[in-house]
Every structure is written in C-alpha cells, then in structure tokens.
Amino acid sequence: MLIWAPSVEFAVDEVGRIYGDVGLGRFQLNLAHPVERGDYLSVVDELHGSVLCQLDDLHRTSDLDVDRADELGHGAPTLVHERLVGLARVIGYRDDQGLVKVPTIPFRPGAQVFRAEEGLIAGVLGLGHHSAVGAYVGLLRGHALRVELDINQLVQRHVSVLAKTGGGKSYLLGVLIEELLRHKVTCVIIDPHGEYGSLREAAPKNGVHAKFKVEVQGFGNRIQEYSPDATLNPKAKPLTFSLKNLDPRELLIFMGLTNVKSFLAPLKTILEEASGRSPEYSIKDLVDLASRHEEPAYQLLHERLEYVEQTRLLAPHGTKLEELVRKGDVTLINLRGVAPDVQELVVARISGTIFDNRKKGKIPPLFLVIEEAHNFAPQQGSAASSRVLKNIAAEGRKFGLGLCIVTQRAARIDKSVLSQCNTQLILQVTNPLDLKAIAQSIEGLTEGMTEMIQSLPVGVALVTGGGYHTPLFCEVRPRATRHGGESIRVVEN
Ligand SMILES: Nc1ncnc2c1ncn2[C@@H]1O[C@H](COP(=O)(O)OP(=O)(O)OP(=O)(O)O)[C@@H](O)[C@H]1O
Ligand SMILES: [Mg+2]
C-alpha cells in the first residue's frame with residue numbers, strides 16, 4: 001500500500017499527479033495546472049532522478065449526463081464536476097554513459113508531475129548546442145533550444161519533407177539547403193517550378209531573424225542553374241545530353257520506352273546504320289533511318305525519336321557532369337515549363353548518371369533533392385525515373401548519395417522510397433490517406449502526434465530522425481535567403 005502524506009501539496013511548477021494503473025511507457029495524470037498537448041513534463045524516479053515525459057493527449061471528464069445537459073439547455077442550474085486529465089509518454093533519462101533509457105519500473109501512482117526544466121529537455125533530447133555537423137533548422141517548439149540535424153545522417157540516410165500544399169515544404173527545404181551551403185555540401189535540386197533561384201538573394205531582414213539568431217545572406221555565385229528550356233528560364237544555362245554518350249538502353253529510357261527487350265535490337269540496328277553513315281550522327285539521322293523500316297517496333301521508335309528531337313535535349317556535346325556537379329555548391333535543374341514526360345526523362349538521366357559516377361567515386365558525395373517527388377517515383381504506375389530513384393533510395397547511402405524527397409502526397413509516392421527516408425520533416429497534413437502513409441512509414445510516431453500533424457500551424461514541423469531518438473516539434477527558423485515560392489496574392493488589400 002502507498003500512503004502519501006496529506007501535507008504534500010502542489011509545488012509551484014507541479015502540473016498534476018499520476019493516477020490509475022501506471023504503465024512503463026505511459027501514464028495518466030490529473031491536470032491541476034494548464035499544460036498543452038506536446039508539452040514536456042518530468043517525474044522524479046527513485047532510482048534515476050528526473051525522467052523526461054511528454055503530454056500526448058488530454059481530455060476533460062465530467063459527470064454531466066445527457067439529461068442534465070438538456071436541462072442546462074433549458075436554463076435550469078446544474079452543478080457539474082469536471083476534471084482535466086492527460087495521457088503522458090515516458091521519453092527517458094540519460095544514464096552514466098550518456099544513453100537515453102526508459103525506467104524499467106513504472107512510476108508510483110500519486111507521484112508528482114512537473115513541467116520539465118529546460119536543462120532536462122536539452123539533456124535528454126540532445127538539443128541546444130552548436131555542432132560542427134549540425135544543420136540548424138529551428139527551435140524546439142515553445143523553447144529556446146536549437147534543433148540541429150546531423151548532416152552526415154541526412155546525406156547518408158535520406159530525408160523526406162511532407163506536407164499538404166502550401167504547408168511550407170519549399171520554405172523548409174530552403175532552410176535546409178542554406179545549411180548545406182554553409183557546410184559546403186554538394187547539392188543537386190530537381191526544381192520543377194523554378195523556385196530555388198532565390199537562394200542567390202538575401203531575405204529582407206525582420207524581427208523574427210533576431211529571435212532565431214539568423215543572419216540574412218544570399219549565396220549568389222554558389223548557386224548554378226541549368227534548364228532544358230533556357231529561353232523561358234533566362235538565368236539558367238541550357239541543359240543538354242550528348243547522343244554519343246548514351247548507350248542504347250539509356251537512349252530508350254530517354255525515349256520513354258521502358259519495355260527495353262522488344263526495342264533494344266531494332267534501336268541497335270538503327271544506331272549501327274547511323275555510325276556506318278558517319279561517326280558524328282545526329283538525332284535527325286536516327287529519325288530518318290527509323291522511318292526506312294516498316295516493322296511496328298521501328299514505327300514506334302521513329303515516333304519516339306521524333307519526339308526526342310523536338311525536345312532539343314540532345315546536342316552534339318551534352319552538358320558535362322563535371323560542370324553540372326560543382327563541389328560544395330548547389331546546382332538547380334530548373335524544369336519550369338518543361339512537359340511532364342520530358343521532366344521524367346531528365347530526372348531519370350541526371351539521377352542515373354549521378355548514381356553511376358558516385359559509385360565510381362568520380363564526383364563528390366552529394367545530396368540529391370527531388371521536389372514534387374510523387375511525380376517522379378509514383379506509387380501507382382511508373383515514371384521513367386521510378387527505377388533509378390528506387391535504386392538510389394535502396395543503395396545510395398552506401399555510395400554517399402543522399403536522397404531528399406519533397407511531396408504534398410505521401411500516399412502517392414512509392415512506398416519503398418518513402419520508407420527508406422530516415423529523417424522526416426513533416427508539416428501540416430490533413431488528407432487521411434497521406435496521414436496513413438506517413439504513420440506506416442515512420443517508427444515511433446504516436447497516435448497523439450499523428451493527430452497533431454493535422455493542426456500544425458504554418459512554420460511548425462515534426463522532425464523525426466536526423467540524429468534525434470524521439471520525434472520533436474520544431475518552429476522552423478526564418479530563411480536567410482528569399483523564399484521563391486511565396487503564395488501569389490489574387491486580390492490586394
Ligand atoms: N516557416 C515559415 N515561416 C514563415 N512563412 C512560411 C513558413 N513556411 C511557409 N511559409 C509561407 O507559407 C507559404 C507556403 O509555403 P511553401 O511555398 O513552402 O509551401 P509548399 O508546401 O511548398 O507548397 P506547394 O505544395 O504548393 O509547393 C509561403 O507564402 C511561405 O512564405
Ligand atoms: Mg513547394
């Protein structure tokens with residue numbers, strides 16, 4: 001039996017007491033002082049001292065039944081007994097070796113629950129300090145503790161940025177890229193909307209920058225930009241691929257023909273005929289030669305070669321990979337105005353070439369970002385880029401090739417790609433299918449957290465992985481550079 005001395009009253013920072021059956025990882029508490037869902041709490045454990053906990057859920061219980069509620073509605077006074085109770089999750093304490101442990105004996109019913117002190121939160125979560133390998137993405141929600149993601153983990157173990165449209169994905173990705181630029185990590189960004197050129201320019205300074213201790217800064221000449229449509233995107237250099245450097249299989253992928261077996265032999269015949277004519281053959285020669293054959297496979301090849309010719313993506317001397325990937329800098333592949341099927345081909349080709357050359361160690365370790373990734377590795381059907389992105393997700397980390405996928409439809413992206421991402425940055429998501437896909441692909445996400453994701457304000461992200469052993473809510477720091485994806489105002493004030 002347990003007898004608590006009646007003189008023990010609420011301490012100043014006490015929020016309530018544990019009651020009912022107490023589990024190892026969870027407990028219920030009555031709440032005598034207001035706390036919010038997600039707040040950090042502490043309970044003193046006899047053996048290990050203060051243990052960090054988090055309020056996962058809270059609700060009000062009352063003795064008001066439906067009949068009395070009805071009476072109340074008719075103006076009859078009624079006495080209601082109500083109580084605020086919560087459900088808390090045990091995060092743990094740091095042991096002598098610095099490891100986070102959860103007590104192996106449950107807390108006692110009646111034990112005091114306090115608001116956790118900043119030192120305990122920082123210590124157990126591993127927050128607040130500057131690290132040489134840290135990407136500063138924001139502050140722990142409601143606290144002044146820095147959230148820094150381990151850059152080695154980001155690049156080695158892949159990242160996903162998930163939120164509904166307008167949820168702040170591109171803004172947060174911009175923050176991450178600024179950090180990678182500061183740490184001189186080589187990045188290639190597939191930029192379907194041409195949003196990231198603004199990384200060159202410093203953001204207009206405001207009060208929020210001071211709160212988060214962020215200096216505004218533009219990255220000017222450390223950002224290079226390429227586009228298959230350099231007319232529409234004048235800041236970009238033209239992105240082209242060399243016909244000579246493509247082997248027949250690659251050319252087929254480029255043509256959007258995934259059924260390699262049936263087209264490989266006829267394409268090889270055309271290529272042999274072309275090199276017989278001249279070693280400097282062009283795509284026009286291939287179109288011409290394909291039209292001279294009558295079999296159906298050649299007719300389809302003819303059609304697809306004509307299409308590739310129109311895209312003007314193939315030039316005598318294509319863009320060299322050494323130009324495209326510049327050590328320590330960011331390369332934007334601006335696909336604004338480019339047809340969706342051509343976008344897929346470009347992503348397939350660039351990702352494939354980067355992966356092959358990374359395997360051979362010919363280019364530095366790098367971070368490959370795919371915006372609107374559900375279009376390039378869809379769960380249903382297939383895109384020209386699906387296979388290579390799945391391979392990079394599965395094997396890239398062995399070769400120092402980190403993948404970052406950004407999507408507004410977690411349910412529509414290939415599950416094997418999503419589940420390979422060990423760091424997730426999740427902003428507001430409301431679609432039930434997307435929430436289900438997120439819950440299935442992330443370990444350690446509680447029901448309470450999944451509910452909280454639905455009502456996150458713009459600028460707050462749930463961070464899982466990235467060197468932290470427990471998911472945490474982070475107020476995203478302001479951009480040092482200008483955000484290029486501002487929502488467009490339709491009506492001015
Ligand atoms: N942390 C933040 N602080 C301040 N403003 C933000 C923040 N995050 C996003 N915003 C603003 O919210 C709007 C939408 O953000 P953003 O462009 O990043 O959304 P998105 O998720 O990429 O949308 P889409 O799916 O349409 O690409 C922008 O106007 C942006 O300036
Ligand atoms: Mg966006």
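Below is a table of values for the structure above.
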read-out: The range 252-294 and the range 177-196: distance between their alpha carbon centers, rounded to Å; value: 36 Å
read-out: Of Lys205/Lys359; Lys237/Lys359; Lys184/Lys237; Lys169/Lys359; Lys237/Lys284, pairs whose Cα-Cα distance is over 32 Å; value: Lys205/Lys359
read-out: Computed label-point distance, nm, for sites His183 and Lys213 using a 7 Å Cα→Cβ extension; value: 1.8 nm
read-out: Trypsin sites (Lys or Arg not before Pro) within the range 224-306: DSSP coil, no more than 10 neighbouring Cβ in 10 Å; value: Arg292
read-out: Calculated FRET value between Gln310 and Ser419, using beta carbons and R₀ = 30 Å, to 0.05; value: 0.20
read-out: Within the range 85-126: backbone nitrogen closer than 17 Å to the Glu14 label point (7 Å, Cα to C-beta); value: 85-86, 107-117
read-out: Nearest-20 debye value, the range 162-209 charge dipole, Cβ charges on Lys, Arg, Asp, Glu; value: 100 debye
read-out: Fully extended contour minus Cα-Cα distance, from Lys320 to Ser275, at 0.36 nm per residue; value: 14.0 nm
read-out: Other-chain or far-sequence residues with amide H under 5 Å of His193's (modelled H); value: Leu335
read-out: The range 248-315: C-alpha gyration tensor shape, a/c 1.5 cut-off, then a/b vs b/c; value: rounded
read-out: Sites Asp341 and Leu47 - FRET efficiency at Förster radius 41 Å, r taken between beta-carbons, to 0.05; value: 0.05
read-out: Zone residues, the range 221-264, relative to Glu295, backbone N less than 20 Å from point 7 Å out along Cα-to-Cβ; value: 248-253, 255-264
read-out: Charge dipole magnitude, Cβ of K and R +1, D and E -1 - the range 192-347, Cα centre, debye nearest 20; value: 900 debye
read-out: With at most 12 other Cβ atoms within 10 Å, longest stretch of the chain clear of loop GluC sites (Glu not before Pro) (DSSP); value: 47-214
read-out: At most 14 other Cβ within 10 Å, DSSP loop - trypsin sites (Lys or Arg not before Pro), the range 416-493; value: Arg489
read-out: Whether the range 276-320 is rounded, prolate or oblate, judged on the alpha carbon gyration tensor where a/c under 1.5 counts as rounded; value: oblate
read-out: Gain on full stretching of the segment that runs from Lys327 to Glu117 - 0.36 nm per residue minus C-alpha separation; value: 71.3 nm
read-out: Net charge over other residues, Cβ less than 12 angstrom from the Cβ of Ala135 (K, R count +1; D, E count -1); value: -1
read-out: Dipole axis of the chain (+1 Lys, Arg; -1 Asp, Glu on Cβ), positive-most option in Ala437, Ser170, Leu314; value: Leu314
read-out: Net charge of Cβ neighbours under 13 Å - reference Tyr40; Lys, Arg +1; Asp, Glu -1; value: -2
read-out: Charge context of Ala203, other residues only, Cβ under 12 angstrom, K/R +1, D/E -1; value: +1
read-out: Distance in nm between pseudo-label sites at Val490 and Val85 (7 Å out along the Cβ direction from Cα); value: 4.7 nm
read-out: Simple Cβ-charge dipole of the chain, Lys/Arg +1 and Asp/Glu -1, about Cα centre, in debye nearest 20; value: 1620 debye
read-out: Estimated [θ] at 222 nm from DSSP helical runs (n ≥ 4, -39500 (n - 2.57)) normalised by residues in the chain, nearest 500; value: -8500 deg cm²/dmol
read-out: Whether the range 320-362 is rounded, prolate or oblate, judged on the alpha carbon gyration tensor where a/c under 1.5 counts as rounded; value: oblate
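Read the figures in this text as sums done on the coordinates, not as results from a lab. All of these numbers come straight from a predicted model, not from anything done at the bench. Backbone-built Cβ (ideal geometry, glycine too); neighbour counts: all protein chains shown.
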